[in-house]
Amino acid sequence: MTKATFFVPGPTWVRPEILQEMLRPMIAHRSSEFGDLFKRVVANLKPLFGTAQDTFVASCSGTAIMEAALTNCVPRRLLVTTSGAFAERWYAIAESLGLEVDQLNAGWGNAVEPEALADHLASRRTHYDAVTLTHNETSTGVTNDVAALARVVRDESPNTLVLVDAVSSLGAIPVHFDEWGLDLCLASVQKGIALPPGITVFAVSARALAQSEKRKYRGTYLDFLSYKKHADEGNVPTTPAIAHFYALAKQLDDIINVETLEARYRRHAAMRETTIRRTAGYAELASDPEHASASVSALIPNRPPDEIRAEMKKRGFTLGGGYGKWKATTLRIGHMGDIQLDDLNAMLDALDGVASA
Ligand code: PLP
């Protein structure tokens, strides 16, 4: 097996056999062949999201489905929970759509505390149409407790929808859409699912679709009801990224039936533990260790991160830089998707010499 040397927290390394799937001959998207491919994909997306409700694939990056979630499901008032750059993106999108948006900010590097969310919801008399949660904050390497946060929303504000960004968690960290009572959950595929970027998978609850039905102006390209209508017929509304569908079908088969979800989550947890343990001599975790992510570690090393990245590049390894306001100070190691513990250890062997120099 080719060894992974690319440790950016998305896009992540893609197995050659998955890239190979993308070279298959073209088929028409209204053909029975595409219908079969679509069914294969949807059948495996359900266990991946942990849902019996609707799952879709859209030919766009994850941000487009964040925006679509708001145009489809949020008539007026939104609460955005933030603790890093990607959670803040929900806020920027909401503002750009002219929504009334509040922010519950836990601060970069922290997790959003369920008690703080409960206090916030209890102290407001206004009703929020939806609350956004970011399962895994890629900019800081923090995993939020979506199960607990969604429970708080359900208890404090039962008619408020729960919209979840699982971009860097799905396929790496467990997601239980139905059990956690989520209404929308999205993930672009270039992270835990380990495909080239370009498509996004998402699950939508019956409640969110009902909310969508009440929205008169919800756009055309990413109209959830159009996705639902076509999915019920085994298809998608517009010409899809067919090469990506081939790759997704094989990757999901491998995740669900060959590696299995349980083993995949264990592998990611082991990669987190290994990264933290092996870098402790020359770097500290940039964020709350209690919520350290299994897919990406953000570190503050003793040596400037840019120097480390340049030296590692000379040794054949690509690491991620800091993001947003943490750009200059942090080093991000993406350990997600199909990267194996052996690949990670080989990279950490090289990093030992570079980071402690
Ligand atoms: N949310 C998170 C947590 C991310 O890590 C990213 C991308 O890195 C995004 C959203 C945006 O996804 P995309 O670049 O696919 O639009």
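The values are calculated or read from the model by the stated rules, or taken from the named source; none is laboratory data. This one's a predicted model, so the numbers in the text were calculated from it and none came from an experiment. Reconstructed Cβ throughout: ideal geometry from the backbone, glycine too, with neighbour counts over all protein chains shown. These accessible areas exclude ligands, DNA and RNA; they are computed on the full protein's heavy atoms, side chains included. Shrake-Rupley method; radii C 1.70, N 1.55, O 1.52, S 1.80 Å.
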Worksheet entry | Where residue 221 falls short, out of the listed (1) closer than 30 Å to residue 8 by Cα; (2) open to solvent by 10 Å² or more (accessible area, probe 1.4 Å); (3) within 16 Å of the ligand (Cβ to nearest atom) | (1)
Worksheet, complete the sentence: Within segment 46-65, residues being within 13 Å of the ligand (Cβ to nearest atom) and open to solvent by 10 Å² or more (accessible area, probe 1.4 Å) number 5
Worksheet item: Hey, does segment 153-164 have a residue that's within 16 Å of the ligand (Cβ to nearest atom) and within 12 Å of the chain's Cα centre (by Cα)?
Response: yes
Fill in: Single residue of 17, 95 found to be in a helix (DSSP H, G or I), more than 30 Å from residue 232 (Cβ to Cβ), in contact with a helix residue (DSSP H, G or I) (Cβ under 8 Å, 6 or more places away or on another chain) and away from the ligand (no atom under 16 Å from the Cβ)
17
Worksheet item: Mind checking which pairs have a first residue in segment 113-139 that is over 18 Å from residue 294 (Cα atoms) and more than 16 Å from the ligand (Cβ to nearest atom) and a second that is modelled with pLDDT under 95 and among the aliphatic types (A, V, I, L, M), Cβ under 6 Å, 6 or more apart or different chains?
Response: none
Worksheet item: Residues of segment 154-213 being of a type in the set (Asp, Glu) and in contact with a Cys (Cβ under 9 Å, 6 or more places away or on another chain), which ones?
Response: 165, 183
Practice prompt. Considering every residue within segment 166-185, establish whether at least one is without any contact (Cβ under 8 Å) to a residue 12 or more places away in the chain, away from the ligand (no atom under 14 Å from the Cβ) and crowded, with 17+ Cβ neighbours inside 10 Å.
Written response: no
Discussion item. Out of everything in segment 23-36 that is open to solvent by 10 Å² or more (accessible area, probe 1.4 Å) and either assigned to a helix (DSSP H, G or I) or closer than 22 Å to residue 186 by Cβ (or both), what residue ends up being farthest from the ligand (Cβ to nearest atom)?
Written reply: 32
Worksheet item: Hey, among 284, 262, which residue is of a type outside the set (A, V, I, L, M, F, W, C), more than 16 Å from the ligand (Cβ to nearest atom), open to solvent by 50 Å² or more (accessible area, probe 1.4 Å) and assigned to a helix (DSSP H, G or I)?
Response: 262
